[in-house]
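The values are calculated or read from the model by the stated rules, or taken from the named source; none is laboratory data. The structure presented is a predicted model; accordingly, all values stated were derived computationally and were not measured. Cβ placement follows ideal geometry from the backbone for every residue including glycine, while neighbour counts extend to all protein chains displayed.
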Amino acid sequence: MDVETDGDQVLGSAGQALAVEWYEGEGYEILERNWSRREGEISLISRRGRTVAFCEVVTGSADAASSATEAVLPAKQRRIRRLGARWLTELTPAAGRSLVDLRFDIAVASGGEIDVVMSAF
């Protein structure tokens, strides 16, 4: 691995840690981190009550914060939705699927701060 890739991984891990801290502070249980299948990955999956939140964590510099939510373009949104449906199908009995409310969030981590956009798409 090159140094830039290592730096990106460290930055991504720090952003994810901030998102985990935010969700836990809001009373969510973290169910999965970096849940992946061949088609892609969901950064975080959390639950509070009936709500299951699938979160894409975007990490960047302070300058990138304003445009980070724009990084989750429609194609990526569709992929995250498909992965969320797959997670639900794989891990939730059919009878329980109708008992949850799904939400798709974006968490933008920048400069040691986190901004979570709930129901972003």
Checklist entry - Out of A95, A64, A85, which single residue is part of a helix (DSSP H, G or I), modelled with pLDDT of 85 or more and aliphatic (A, V, I, L, M)? => result A85
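The rows are residues; the columns are (1) in a helix (DSSP H, G or I); (2) surrounded by 12 or more Cβ atoms within 10 Å (Cβ to Cβ); (3) modelled with pLDDT under 95.
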| residue | (1), (2), (3) |
| --- | --- |
| Y23 | yes, yes, no |
| G27 | no, no, no |
| E41 | no, yes, no |
| T59 | no, yes, yes |
| E70 | yes, no, yes |
Checklist entry - Which numbered condition trips up R78, out of (1) surrounded by 13 or more Cβ atoms within 10 Å (Cβ to Cβ); (2) in a helix (DSSP H, G or I); (3) modelled with pLDDT of 90 or more? => result (1)
